[in-house]
Structures are given as structure tokens and as C-alpha cells.
Amino acid sequence: MDIIYKKVIGGYDMSKKNVIDLFKKFGLKHDTFTVWNDFLQLAAISISNATDYKEEREQQYLKTIKKYKKEEVDLFPKILAEIAITFEEEGVTDLLGEIFMEMGLGNKWTGQFFTPFNLALLTAELTFDPKDIEEKGYIEFNEPCAGGGAMIIAFAEVMRKHGYNPQEDLKVICNDLDIKSVYMTYIQLSLLGIPAAVLHMNTLTLEHWDTFKTPFWKLKGWDNEKVYNA
């Protein structure tokens, strides 16, 4: 896709608005920041346990979901579906990172902000080199501070622009210290079909807590790959 297409009405990105409107349906009973964090956890666990089941994750899911009434529980898969539809119909971007900033949650998340996607695309274009694909059949992309996955998503988009298929020609190993960033990256890369191992770890100390493997990572047969230095 050479052009990232968005529905814009009255200057506002409708894909983001649809998702934000679903979050607003939780009302004042739940803090928006908490609902956001819970959505990330629930969505990531739902995707991972479909192909990489772990009982401890399932217990985390059940513990979190108990906080919500049935009509509220039903909103979580609707949000995930809206995000998936947006990727499918309107083009690729760091949607979760953009929604996070649109909802004004940046200041609460230890001052963390996400790279504008246009800047990520420019950086990816400047660094893309297909020689690894020609030599060994794929590019291995390592990202020590994944954030929401913007740099990885942009790199995959640039690969497509140059005629390569990131589902076949890209292998991603990335990590972040913040579990919310891990969830965001994992959700987006999973929905985009990118083979990736997303690690919850400290890049400097190499302390490692968990690894989320996208469905396409599993499909590519990289399940036994060593993805961090213990």
C-alpha cells in the first residue's frame, strides 16, 4: 500500500472515533486509563491463548474480566473487531498508539508518547535494505524499545511498497519494559499478520518475564528459536 487511506469527516479520523466512542460507553464507573489497560491485556491474552496457550494468562484474563458487567464485557471484543476492520479497510498505521494519544492518556503513562507514524515511515524508508532477503530469505528486525510497534509496522509497510511480503520475508524480535507496550505491539503485529516474538523484558539488565509470539511466528515454525540472551 503506497497510500495510507483514512476516512476523515469534518477533519476527524473516523476510524479512531469509532474505537474511542466504544471506550466512552463504559461511562464514569470505570477510569478510562484502567479500561484501556484492561482492554490491552484481555485482547493480547485472547489472541495468544488461541495459538500459544498458557494457563497463567488465562487466570489473568478471568481475574480482570470479573470487574465488568456483561454488557461491558461485550464491548471489549467490539473494540478489537473495530481495530481489525480499520486495518483491513483503511490502511496500516500505529492505530493503538494514535488512539492512546487522542484519548489523552499520555501524561498518565509516565509521560510516555508514541512516535508519529509519518516519522516512523520516513525512518523505515531510509533504513530498508532488501539484501538480507536476497541472501537468507528474510529480514530480521530487532527493536529493543517497541513502544506500540510503530517502527515495526512502518518497516513492514515499506517492505510492501517495495514489493516484499512481511508475512513471509520479515522476522521480528522486539521487547519493552512496560507490559502495556508489549500488549499494544503484540496486538497490532498479530492483527497485521507479522511474524514476531514480543518480549516483556529489561533491555539493559536482560531480565525477562514473558514472551508473546504472534500467530504468524508460530505458523513460520520459529517456535523453538532463542529470542533473548538468558
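What lysines could a cross-link reach from LYS226, if we take a straight Cα to Cα line under 27 Å and drop same-chain neighbours fewer than 8 places away?
Result set, ordered by chain and number: LYS54, LYS131, LYS136, LYS171, LYS180, LYS213, LYS218.
Loop by DSSP (not H, G, I, E, B), at most 10 other beta-carbon atoms within 10 Å: where is the longest site-free stretch of the chain for trypsin sites (Lys or Arg not before Pro)? Working shown, then result.
Working: sites that count: LYS29, LYS66, LYS69, LYS226.
Free of exposed loop sites, the longest segment is 70-225.
At 222 nm, what value in deg cm²/dmol follows for the chain if DSSP H runs of at least 4 each add -39500 (n - 2.57) and the sum is divided by all its residues, to the nearest 500?
Details: 12 runs with 121 residues, N = 230.
Value at 222 nm, helices only, nearest 500: -15500 deg cm²/dmol.
Once the dipole of the chain is set up with Lys and Arg at +1 and Asp and Glu at -1 on Cβ about the Cα centre, which of ALA146, TYR183, GLY104 lies farthest towards its positive end?
Most positive-ward Cα: GLY104.
Charges on Cβ only, +1 for Lys and Arg, -1 for Asp and Glu, centred on the Cα centroid of the stretch 144-230; of ASN165, PHE155, VAL198, which one is farthest towards the dipole's positive end?
Of the options given, the answer is ASN165.
Given an 8 Å cut-off on Cα distances and at least 6 residues of separation, report the relative contact order of the chain as a percent. It would help to have the intermediate numbers written out before the result.
Working: 318 pairs, mean separation 41.5, N = 230.
Worked out over the chain, it gives 18 percent.
Within the chain, what whole-number % of the accessible surface is contributed by carbon and sulfur, with the 1.4 Å probe and all protein chains included in the calculation?
Numbers: 6040 of 11330 Å².
The computed percentage sits at 53.
The values are calculated or read from the model by the stated rules, or taken from the named source; none is laboratory data. The structure presented is a predicted model; accordingly, all values stated were derived computationally and were not measured. Cβ atoms come from the backbone with ideal geometry, glycine included; neighbour counts cover every protein chain shown. Ligands, DNA and RNA are stripped out before the accessible areas are found, and what is left, the full protein with its side chains, is counted by its heavy atoms. Shrake-Rupley method; radii C 1.70, N 1.55, O 1.52, S 1.80 Å.
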